[in-house]
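The values are calculated or read from the model by the stated rules, or taken from the named source; none is laboratory data. Treat the numbers as computed from the prediction; the structure is a model and nothing was measured. In this analysis, Cβ positions are derived from the backbone assuming ideal geometry, glycine residues included, and neighbour counts consider all displayed protein chains.
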Amino acid sequence: MEDVKPQLVKVTIDGIEVEVEPGTTILQAARKIGPAVAPPAMCYYQPLKGSGGKCRACLVRVAAGSAKDPRPMPKLVASCLTAVQDGMVVENETNPQVIDARNGIVEFLLLNHPLDCPVCDQAGECDLQNFAFDHGKVTTRYEEDRRTFEKQDIGPYIQLHMTRCILCYRCVFTADQITNKRVHGVLGRGDASEIGTYIEKAIDNDFSGNVIDVCPVGALTDKTYRFKNRVWFTKPVDAHRDCPTCSGKVTLWYRGEDVIRVTARKNEWNEVEEFICNTCRFDKKKTSDWTIEGPTKVSRSSVISANKYRADTIKPSFGQRLAAAEYKPIHDERDTSQLDIQQLPPERFAKVLPSAMEPEP
Amino acid sequence: MQLTNRSKQVSNKEMTLAEKMYLPAVISGLAITISHFFRKKPTIQYPEVKRYLGPIYRGHHILKRDEQGRERCTACGLCAVACPAEAISMVAAERKKGEENLYREEKYAAVYEINMLRCIFCGLCEEACPKQAVYLRHDRMVPVFLERDEVIYGKDRLVEQMDDRYIRSNNSEVKTTPTEPSLTRAAT
């Protein structure tokens, strides 16, 4: 029997064509092409069902709805919820209207955000920080008082800074889908809505720590890591252990010889690959508990890679290749026998300088 | 072949009596020497006197306090990540109740160290600081050190003293730089 393959649909995003299965969203199709065209996402989280559609960070313009009906969609659409259709043409970074809308979204998200990045533990791996870095303004136009909350302790391990929350609902979905009993949620409506546990009921569940990882801002933070160090001074290392409750695949964050934080592994979209349990996250902070797999791959543009000199993150070959391309043999016919100068044979240069034509390793 | 127009024709003619005695030449030479005694001395008596190096000179680091005397530094680590020489390191701590008059933010630097052997005085830390906490003062240099254990400056030598506050003046009338309290290891 043959497999019935679903008809693939063709989508064009920023002029790049990609074939995806029907039913995928525009965001997923764009992520398939690569990070250059993928719209930012603050609330959408692929592992969590039902997430997305709240922050409007991923708005794109659909220039042609489908091959059958090539009229453009009248308004910008949230790419994390809109399914692709055959022949759809999507404009993301190429459309100034989309960029303009995103700049507005950043301003709205930052309305009540305290901008205490120098204090916040999330700084350096914060989605909102990245988003604002790409699309934000330098100054604020907001003059009113920002809403403020007292920080709350949710259980012994998690701290909630409601001031930083952008109401993405990711933590609510996590609690619903990963743990079996949710005790926190969004209280209030509209401007007054806030994440809370009501009467400060402590979250105690084996997987409650995952809300720290899914939080795109520093609203839910690890109390065992509180002010321990900045993200970019720590060294992430992939490790695993035999855990009876979870997969046990984590990233350890080292400061010198000490593990100061344990998180789940994240993919290039900053999404958790496999959720981990609280025992792994909060209790196993010794190197002897873990089997080290090797350094985590950190993108060169990330601040986490600052001051880390791994051979595979820094590519010094560019300078060498440039030198090789610019290298001209000098016609030197001096009689150097008297001068005690040893002329290097040309093969020596060839050894040091790789060919400029060679691709980067 | 004439290379320059300053060449002189060499003559071999007999010297006069005055020229033979050398006296006029000696006197005119002495006159030049003596006239220098009455000129303004261009030498500055360093280290007793110091030249004003301008308002943008990058010298001794200082961790500023705010108007109420609270430390501005919140140990965000941006100076350390901006530092091309990796000279800065810090350990953060959380402010406790009752320390509000010591530290401005809820997080502060419990340890802040600059390795002066590594520092290249580029001023990138000052540029990176989001809290206007670290400055390279224009009026004071890092004193010479003779021992290895003197090169790492901790908070005791970096935090601004309340009786000796640092103000970066753009006043061009200030021509000389006040001397340091002591030329050796300062205030330890």
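Summary of computed values
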read-out	value
Condition check for residue B:129: more than 13 Å from every other protein chain (Cβ to nearest Cβ) and under 23 Å from residue A:122 (Cβ atoms)	no
Within region A:130-149, tally of residues that are free of Cβ contacts under 8 Å to residues at least 24 places away in the same chain and either part of a helix (DSSP H, G or I) or under 23 Å from residue A:194 (Cα atoms) (or both)	4
Qualifying residues in region A:57-93 (those that are among the acidic types (Asp, Glu) and assigned to a loop (DSSP other than H, G, I, E, B)) - the one surrounded by the fewest Cβ atoms within 10 Å (Cβ to Cβ)	A:69
Residue in region B:80-98 that is nearest to the other protein chains (Cβ to nearest Cβ), counting only those that are assigned to a loop (DSSP other than H, G, I, E, B) and over 24 Å from the mean Cα position of the chain (by Cα)	B:95
Subset tally (residues that are farther than 16 Å from residue B:154 by Cβ and not basic (Lys, Arg)) for region B:87-104	7
Any hit, region A:176-185, residues being touching a residue at least 60 places away in the same chain (Cβ under 8 Å), hydroxyl-bearing (Ser, Thr, Tyr) and surrounded by 13 or more Cβ atoms within 10 Å (Cβ to Cβ)	no
Test result for residue A:272, out of contact with any Ser or Thr (no Cβ under 9 Å at 6 or more places or on another chain) and in contact (Cβ under 8 Å) with a residue 40 or more places away in the chain	no
Residue satisfying all of: in region A:136-174; among the polar types (S, T, N, Q) and surrounded by 13 or more Cβ atoms within 10 Å (Cβ to Cβ); nearest to the chain's Cα centre (by Cα) among these	A:174
Test: residue in region A:150-157 that is touching a strand residue (DSSP E or B) at 6+ places or on another chain (Cβ under 8 Å), free of Cβ contacts under 8 Å to residues at least 60 places away in the same chain and within 17 Å of residue A:223 (Cα to Cα)	yes
Residue check, residue A:97 more than 14 Å from every other protein chain (Cβ to nearest Cβ), outside any helix (DSSP H, G or I) and within 27 Å of residue A:28 (Cβ to Cβ)	no
Among (1) part of a strand (DSSP E or B); (2) buried (at least 22 other Cβ atoms within 10 Å of the Cβ); (3) not assigned by TED's automatic domain parsing to the domain that holds residue A:157, the one test that residue A:280 misses	(1)
Test set (1) without any contact (Cβ under 8 Å) to a residue 60 or more places away in the chain; (2) more than 14 Å from every other protein chain (Cβ to nearest Cβ) - residue A:118 fails condition number	(2)
Selection within region B:99-112 - within 27 Å of the chain's Cα centre (by Cα) and surrounded by 16 or more Cβ atoms within 10 Å (Cβ to Cβ)	B:109, B:112
Selected residue (criterion: nearest to the other protein chains (Cβ to nearest Cβ)) from residues of region A:210-236 that are closer than 15 Å to residue A:266 by Cα and in a strand (DSSP E or B)	A:235
Residues located in region A:214-227, provided they are more than 18 Å from residue A:151 (Cα to Cα) and surrounded by fewer than 22 Cβ atoms within 10 Å (Cβ to Cβ)	none
Residues that are among the polar types (S, T, N, Q) and either under 11 Å from the mean Cα position of the chain (by Cα) or in the same structural domain as residue A:103 (by TED's automatic domain parsing) (or both), drawn from region A:120-135	A:129, A:130
Residue among A:20, A:60 that alone is out of contact with any Gly (no Cβ under 9 Å at 6 or more places or on another chain), of a type outside the set (D, E, K, R) and without any contact (Cβ under 8 Å) to a residue 60 or more places away in the chain	A:60
Yes/no for residue A:174 being at pLDDT 90 or above and not basic (Lys, Arg)	no
Test result for residue B:64, within 11 Å of chain A (Cβ to nearest Cβ) and buried (at least 18 other Cβ atoms within 10 Å of the Cβ)	no
Residue check for residue A:164: modelled with pLDDT of 85 or more and on the phi < 0 side of the Ramachandran plot	yes
Scope region A:283-303; condition within 16 Å of residue A:209 (Cα to Cα) and part of a loop (DSSP other than H, G, I, E, B); matching residues	A:284, A:285
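Quick grid of which residues meet (1) within 16 Å of residue B:72 (Cβ to Cβ); (2) in contact with a strand residue (DSSP E or B) (Cβ under 7 Å, 6 or more places away or on another chain); (3) part of a helix (DSSP H, G or I):
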position: B:100; (1), (2), (3): yes, no, no
position: B:108; (1), (2), (3): yes, yes, no
position: B:112; (1), (2), (3): yes, yes, no
position: B:120; (1), (2), (3): no, no, no
position: B:127; (1), (2), (3): yes, no, yes
position: B:135; (1), (2), (3): yes, yes, no
position: B:145; (1), (2), (3): no, no, no
position: B:149; (1), (2), (3): no, no, yes
position: B:156; (1), (2), (3): no, no, yes
